[in-house]
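Just below is one structure, and these are the notes that go with it.
Coordinate-derived values only; no laboratory data. Every value quoted in this text rests on a predicted model; they were computed, and no experiment measured them. All Cβ positions, glycine included, derive from the backbone under ideal geometry; neighbour counts span all protein chains shown.
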Amino acid sequence: MLEKLKNMQECYWLNENLTSNLEYELNAKGIQAKDIEDARARLNRFAPLLKVLFPATLKTNGIIESPLECINTYKKELEKLENVEIKGDVFIKLDSHLPISGSIKARGGIYEVLKHTESLLLEHKLLSLQDDYTKIIHLKDFLSQYKIAVGSTGNLGLSIGIMSAKLGFKVSVHMSNDAKEWKKQMLREHNCEVITYQSDYGKAVEEGRKAAQNDKSCYFIDDENSKNLFLGYSVAAKRLKGQLESLDITINENRPLYVYLPCGVGGGPGGVAYGLKTVFGQNVKCFFAEPTHSPCMLLGLMTKKHSEISVNDIGLDNKTAADGLAVGRASKLVGKVLEHIIDGCFSVSDENMYKFLTLLHKTENINLEPSALAGVKGLIFNKELKNTHPNALHLIWATGGNMVPKNEMEKFIKEGEKYLN
């Protein structure tokens, strides 16, 4: 397996260290179901404010949530293209279309900004939990005394930058060389300071953390270690259950759920997977998808070294078209929390991400960025799972793409055409 990773071959790793006592494991790592419920309640308190600040959330009553769609037409074309049989229905969770910042990061990033805002205002007795949170609109002058900083390859920076700036914070986003220029420009348009490094994601986080340490008014959102980010993502699971039930779909042993989550540092997919396991128990199987150039979570879990090993240590360059997944070293928090819970990981080439992207555009008229298609490979790799249930529901978690400029999206689609023929 290590040789395959070194040679940038697509590969599939199944976790042989899964717990036999899921309930114990879910409560053994310092994160519990009550913490997820606390995060859900906090987001509900902020919903009236979000409706005012972001009219795009009006139709969801101030809740930041994404559509769920069946894509069986795509499934049929994928089966022909890859010469495989995919048992069960295929759905897509369009976190790519989340309001405010158009990616999965709108869950964790925005949640942590809101939690920090609430903590500051409660501490200074400018807010109580019983208040109508729309009053925060009039507290911008107070919040403008404070700063928020983050290190990002792009999407996390967008979610934190847009939300923080809207509330009145001064924002610094430290970005790696993988970050797309349009994402930097969008941040500047929201009056965020953008600091770019000629190095990768790890350097951007390190420098952001260092700058915040020297400034008492600055709060650093740490993508590598944040429990708050993790909890923001985990709230998605209970909402997904409600969406499935509205379609008369019940997840149980006769209809298990297989979820494929694109993975960078691990916070987003880790939080979602943790929430899913809490809600669906043994009836959900979660898999992380990573680029062949940057399989940091697969490497960390497989070797049990977690954040102590980087993809650079095995000779990989960490350069990929999937900018949100261009991470060389996995989260210090997530790998250890999920080491006995995550069902497996797999890697996927940039060429396949582009190919899957163009096929989705043609069959379902859904446009995503390359990283959001990483999970599709899991449908093909599932032949490795000998006991895949014939009535399974497969869920591709689409992590970003709705905010990609039209000319950029056209380039993605054109690139994918090369690999479809």
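Descriptive notes on the structure:
- Considering all C-alpha pairs of region 237-279, those separated by over 17 Å amount to 35%.
- Treating each Cα of region 267-421 as one equal point scatterer and applying the Debye formula with no solvent, the log10 of I(q)/I(0) at q = 0.11, 0.13, 0.17, 0.21 Å⁻¹ comes out as -0.45, -0.63, -1.05, -1.38.
- Between 97, 138, 293, the GNM of the chain built on Cα springs shorter than 10 angstrom shows 138 fluctuating the most.
- Residues 246, 347, ranked from the fewest to the most other C-beta atoms within 10 Å, line up as 246, 347.
- Distance violations [Cα-Cα > 21 Å] among 180/319; 59/180; 125/147; 277/336: 59/180
- Sorting 13, 182, 397 by the number of Cβ atoms found within 10 Å of their own Cβ, with the fewest placed first, yields 182, 13, 397.
- Projecting the Cα atoms of 36, 13, 52 onto the charge dipole of region 1-85 (Cβ charges, centred on the Cα centre) puts 52 farthest toward the positive pole.
- Volume per residue of the C-alpha convex hull in region 42-142, rounded to whole Å³: 120
- Residue-count net charge about residue 77 - beta-carbon cut-off 12 Å; Lys, Arg +1, Asp, Glu -1: +2
- Label point distance in nm, residue 9-residue 249, each placed 7 Å from Cα along Cα→Cβ: 3.4
- Relative contact order (percent, whole number), region 105-225, Cα cutoff 8 Å, 6+ residue spacing: 27
- When the Gaussian network model of the chain links Cα atoms closer than 10 Å, the mean-square fluctuations of 192, 345, 70 top out at 70.
- Taking other C-beta atoms within 10 angstrom as a stand-in for reagent exposure, 287, 220 fall in the order 220, 287, fewest first.
- Approximate spin-label separation residue 34-residue 351, in nm, with each point projected 7 Å along Cα-to-Cβ: 5.3
- Charging the Cβ of each Asp and Glu at -1 and of each Lys and Arg at +1, and nothing else, the dipole of region 280-421 about its Cα centre rounds to 280 debye.
- Helix 155-167 axis versus longest C-alpha principal axis of the chain: approximately 20°, rounded to the nearest ten.
- Relative contact order, whole percent, for the chain stands at 21, derived from Cα pairs under 8 Å and 6 or more residues apart.
- Here region 76-93 is scanned for amide nitrogen atoms under 11 Å from the site 7 Å beyond the Cα of residue 70 along Cα-to-Cβ, giving 89-91.
- Extension gain from residue 123 to residue 313, taking 0.36 nm per residue of separation minus the Cα-Cα distance: 64.0 nm
- Dipole magnitude (debye, nearest 20) for the chain, charges at Cβ of Lys, Arg, Asp, Glu: 620
- DSSP beta bridges fully contained in the chain are about 20 percent antiparallel.
- Every Cα-Cα pair in region 105-225 was counted, and those over 22 Å apart are 30% of them.
- Among residues other than residue 212 with Cβ under 14 Å from its Cβ, the summed charge is -3 (Lys and Arg +1, Asp and Glu -1).
- Cα-Cα over 22 Å, subset of 76/238; 304/355; 105/332; 87/285; 184/414: 76/238; 304/355; 184/414
- From largest to smallest, the equivalent ellipsoid semi-axes obtained for region 212-314 from the alpha-carbon gyration tensor read 30, 20, 10 Å.
- Nearest-0.05 FRET efficiency for residue 145 and residue 56, computed from C-beta distance (R0 30 Å): 0.60
- For the chain, the convex hull drawn through the C-alpha positions has a volume of 134 cubic angstrom per residue.
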